[in-house]
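Quick notes on the structure that follows.
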Amino acid sequence: MTTHAVHTTCPSPLGELLLTGEESGGLLTLTSLSLPGRHGAPAVRAEDRHDRPFAEVRRQLDAYFAGRLTRFSLPLAPAGTPFRLRVWQALEDVPYGTTTSYGELAARLGVPRAEIRAVGRALGANPLLLVRPCQRVIGADGSLRGYAGGVERKVWLLTHEGALQPALA
């Protein structure tokens, strides 16, 4: 069976999302979800845009942003080293509405304390923002450290999920 790289965009409260995937036999495997302005977002060709294969991804994203979905259930195929894949997989164990620290995540993975930065670098390279929820990882002191989509979007997402209280204007 032939596999085709495809992409589409999806409106969201965070701006237009870029979705990329591989389609084979009418089935889609999601390879990345990028927020606007993300450094390192995949390059796409206009002729590879196909909206139909992403219908289920869009349905789940709409439900997430409407507050009706707390965990994504999609076929995923991110490209990464075995270590990065392990870190990204571990993100699925951080429940909606909660946060964990870089150190706690590293400890769960059996990563020595001296190598916590490697966990942070893996999170920064996460190609499946929102779906693999790296926004839920914060500093041990509660600080909202970097986020590939921008710290302001991390704040929005954590507030949306109820892990942060809305700021008073």
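Quick notes on this one:
- Asp62 accessible area, 1.4 Å probe, all protein chains in place, Å² to nearest 10: 80 Å²
- Accessible-area ranking of Val6, Val155, largest first, probe 1.4 Å: Val155, Val6
- The phi-based Karplus calculation (6.51 cos²θ - 1.76 cosθ + 1.60; θ = phi - 60°) puts the 3J(HN,Hα) values of the range 47-54 at 6, 9, 6, 9, 7, 4, x, 8 Hz, whole numbers, x for Gly and Pro.
- Helix-only mean residue ellipticity at 222 nm for the chain, each DSSP H run of n ≥ 4 adding -39500 (n - 2.57), per residue, nearest 500: -8000 deg cm²/dmol
- The rule of thumb for compact globular proteins, 2.2 N^0.38 Å, goes into the C-alpha radius of gyration of the chain 1.04 times.
- Mean accessible surface per residue for the range 69-161, computed with a 1.4 Å probe while every protein chain stays in place, in Å²: 48 Å²
- Environment charge at Arg145 (Cβ cut-off 15 Å; Lys +1, Arg +1, Asp -1, Glu -1): +2
- Relative to the longest principal axis of the Cα atoms of the chain, helix 55-65 runs at roughly 30 degrees.
- At R0 = 35 Å, FRET efficiency that the Cβ-Cβ distance of Ala66 and Thr2 yields, to 0.05: 0.50
- Calculated from backbone phi, Karplus (6.51, -1.76, 1.60) coupling profile of the range 70-75 in Hz, x at Gly/Pro: 10, 8, 7, 9, 9, x
- Look at the alpha carbon pairs under 8 Å that are at least 6 residues apart: their mean separation over the length of the chain gives a relative contact order of 20 percent.
- Under a 5 Å amide H cut-off, with hydrogens placed 1.01 Å from N, Ser101 pairs with Ile138 among residues at least 5 apart or on other chains.
- Of Ser32, Pro53, Ala66, farthest towards positive along the dipole that unit charges on Lys, Arg, Asp, Glu beta carbons give the range 22-71: Ala66
- Portion, in percent, of the accessible area of the range 35-169 that falls on carbon or sulfur, probe 1.4 Å: 53 percent
- The range 1-89, relative contact order [Cα under 8 Å, separation at least 6], %: 26 percent
- The Cβ shell under 13 Å around Gly26 holds other residues with a net charge of -2, Lys and Arg each +1, Asp and Glu each -1.
- Charge tally for Ala5 (other residues, Cβ to Cβ under 13 Å; Lys, Arg +1; Asp, Glu -1): -2.
- Counting only protein chain heavy atoms and rolling a 1.4 Å probe, the accessible areas of Ser12, Ser34 rank, largest first, as Ser12, Ser34.
The values are calculated or read from the model by the stated rules, or taken from the named source; none is laboratory data. Because the structure is a prediction, the values reported are computed rather than measured. FYI the Cβ positions are ideal-geometry reconstructions off the backbone, even for glycines, and counts take in every protein chain you see. What goes into the accessible areas is simple: the full protein's heavy atoms, side chains included, and nothing from ligands, DNA or RNA. Shrake-Rupley method; radii C 1.70, N 1.55, O 1.52, S 1.80 Å.
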